[in-house]
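See below for the structure under consideration.
The values are calculated or read from the model by the stated rules, or taken from the named source; none is laboratory data. Just so it is clear, the structure is predicted and the values come from calculations on it, not from any experiment. Backbone-built Cβ (ideal geometry, glycine too); neighbour counts: all protein chains shown. All accessible areas refer to the heavy atoms of the entire protein, side chains included, with ligands and DNA or RNA removed. Shrake-Rupley method; radii C 1.70, N 1.55, O 1.52, S 1.80 Å.
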Amino acid sequence: MIFNKDTAEKTAELLLQINAIKLNPENPFTWASGWKSPIYCDNRLILSFPSIRNYVRDEFAKNIEKQFGKPDVIAGVATGAIGVGILVAESLGLPFVYVRPEPKKHGRQNQVEGFLQKGQNVVVVEDLISTGKSSLLAVEALRNEGANIKGMAAIFTYGFGVAEENFKEANLDLFTLSNYENLLSLAVQKQYITEDQQSTLLEWSESPSTWGQE
């Protein structure tokens, strides 16, 4: 679910402007999973544009507090959400921790890095939601440390049905600054894509795991 329509449209436009999101239905990208995709999203680029990262920081901070109440800790999911997570924590004057994909193989073998006490209320910040599996593994790690997860806030989601199911099963609320639906309508409006290309992009979102396969 998006925080609000105005933020969703503005965020989509900014991501397109800096090529954090690329749309190419004619020459699809190949994801690490092997899926063919007409869209590629790299939200880490936001950090290289001060005015845009400040916008994302401010929208996250304002909407997190409004939606979840002010938490005790902000947690970022490594590695893509560490940078923006720190910005949000700084804006809210809160402690920050981050969650590795898996525990370290040496030292204290931490998966959650930083100071976190049992029972603390945590909002998790993520950069991108596809199926939600990696994001929810981070939530599981935090819960294993005794954290009370108030919800997750992400920059962008593809809006896959499987992600909705995964978050529902994990009993976790997800809110995003923008999503695929608002991105496509904005992209047509601003002439980044044609209506025919929009149709192709919509077809992909209905069956991303099989789209483009002979």
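Just a few scattered comments:
- Phi angles across segment 176-184 convert, under the Karplus curve 6.51 cos²θ - 1.76 cosθ + 1.60 with θ = phi - 60°, into 3J(HN,Hα) values of 10, 5, 8, 8, 4, 4, 5, 4, 5 Hz, Gly and Pro given as x.
- Per-residue 3J(HN,Hα) values for segment 188-195, derived from phi via the Karplus relation 6.51 cos²θ - 1.76 cosθ + 1.60 with θ = phi - 60°, read 5, 4, 8, 6, 6, 9, 8, 5 Hz in sequence order (x marks Gly and Pro).
- A simple spin-label model places the labels of Gln67 and Glu203 3.2 nm from each other, with each point 7 Å out along Cα-to-Cβ.
- Accessible area in square angstrom per residue, segment 76-190, 1.4 angstrom probe: 47
- Solvent-accessible ranking of Tyr40, Tyr55, largest area first, probe 1.4 Å: Tyr40, Tyr55
- Beta bridges by DSSP in segment 1-123, antiparallel share as percent, to the nearest 5: 55
- Comparing mean-square fluctuations of Ser178, Ser199, Ser135 from a GNM of the chain with C-alpha springs under 10 Å, the top value falls on Ser199.
- Comparing mean-square fluctuations of Gly69, Gly83, Gly151 from a GNM of the chain with C-alpha springs under 10 Å, the top value falls on Gly69.
- Each residue of segment 2-19 is assigned a 3J(HN,Hα), and the resulting list reads 7, 5, 6, 5, 4, 5, 4, 6, 5, 5, 4, 5, 5, 5, 5, 4, 9, 6 Hz, derived from the Karplus form 6.51 cos²θ - 1.76 cosθ + 1.60 (θ = phi - 60°), x at Gly and Pro.
- The charge dipole of segment 1-134, taken about its Cα centre with unit charges on the Cβ atoms of Lys, Arg (+1), Asp and Glu (-1) only, comes to about 420 debye.
- Amide H contacts for Lys190 (H built 1.01 Å from N in the peptide plane; partners 5 or more residues away or on another chain; cut-off under 5 Å): none found.
- Accessible carbon and sulfur surface of the chain relative to its total accessible area, %, 1.4 Å: 44
- Placed amide H near Ile149: partners under 5 Å, 5+ positions off or other chain: Val122
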